[in-house]
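Student: Structure below; questions to follow.
The values are calculated or read from the model by the stated rules, or taken from the named source; none is laboratory data. The model shown is predicted, which means the values in this text are computed figures rather than measured ones. Heads up, the Cβs are rebuilt from the backbone with ideal geometry, glycines too, and the neighbour counts pull from every protein chain shown. Each accessible area value is taken on the protein alone, full model and side chains, heavy atoms only, with ligands, DNA and RNA left out. Shrake-Rupley method; radii C 1.70, N 1.55, O 1.52, S 1.80 Å.
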Amino acid sequence: MEAIGGWRFGNTINGAQAEYLLVPNAQANLAKIPDELTDEQVVLLADIASTGFSGVESANICIGHTVAASAQGPIGLCATAGAKLVGASFIIGVEGDPVLMEVSKRMGAHVVLDPTQCDVIAEIK
């Protein structure tokens, strides 16, 4: 069975924005949200989190790898968290916003480089 990717799901199934929709291969595309979680707590899972985690999967990141994740906005932060979850041994965030730099560290970055303050490529090498 092949899971339906995000683009195909949103662009090839009529009614994808409807309140109710028959989802082909739902067992491969959906996950039950526990009743104790609010909509606000899970709203980013369908798009933002999955994009960041998909990047980690596509890069075949695993235990012991060193990872650099640029732009620590919502997707970059999810990539940072995903790299930590799969066991990357050293995670470098790249971000210039002081608030996002701190969040990046909380999400798993060991160090965060500010591209306005250093040559990021040279520092990573």
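Student: Can you run down the residue pairs with Cβ atoms below 6 Å, 6 or more apart or on separate chains, where the first is in segment 24-45 and at pLDDT below 85 and the partner is open to solvent by 100 Å² or more (accessible area, probe 1.4 Å) and in a loop (DSSP other than H, G, I, E, B)?
Tutor: Note: pairs meeting the criteria are 25/1; 28/1.
Student: Do the conditions hold for residue 76, that is, is it surrounded by fewer than 22 Cβ atoms within 10 Å (Cβ to Cβ) and modelled with pLDDT of 95 or more?
Tutor: On the way: surrounded by fewer than 22 Cβ atoms within 10 Å (Cβ to Cβ): no; modelled with pLDDT of 95 or more: yes.
No: the conditions fail for residue 76.
Student: I've got another one for you. Applying the selection to segment 77-125, what residues are under 15 Å from residue 59 (Cβ atoms), assigned to a loop (DSSP other than H, G, I, E, B) and over 16 Å from the mean Cα position of the chain (by Cα)?
Tutor: 89
Student: Within segment 88-107, which residues are open to solvent by less than 50 Å² (accessible area, probe 1.4 Å), out of contact with any Lys or Arg (no Cβ under 8 Å at 6 or more places or on another chain) and within 16 Å of residue 118 (Cβ to Cβ)?
Tutor: 92, 94, 95, 96, 101, 104
Student: So which of 46, 81, 59 ends up being surrounded by 11 or more Cβ atoms within 10 Å (Cβ to Cβ) and in contact with a helix residue (DSSP H, G or I) (Cβ under 7 Å, 6 or more places away or on another chain)? Break it down stepwise before answering.
Tutor: Values: 46 fails: in contact with a helix residue (DSSP H, G or I) (Cβ under 7 Å, 6 or more places away or on another chain); 59 fails: in contact with a helix residue (DSSP H, G or I) (Cβ under 7 Å, 6 or more places away or on another chain).
Within the list 46, 81, 59, the selection yields 81.
Student: Can you find even one residue in segment 63-73 that is loosely packed, with under 15 Cβ neighbours inside 10 Å and part of a helix (DSSP H, G or I)?
Tutor: The answer is no, given that none of the residues of segment 63-73 is loosely packed, with under 15 Cβ neighbours inside 10 Å and part of a helix (DSSP H, G or I).
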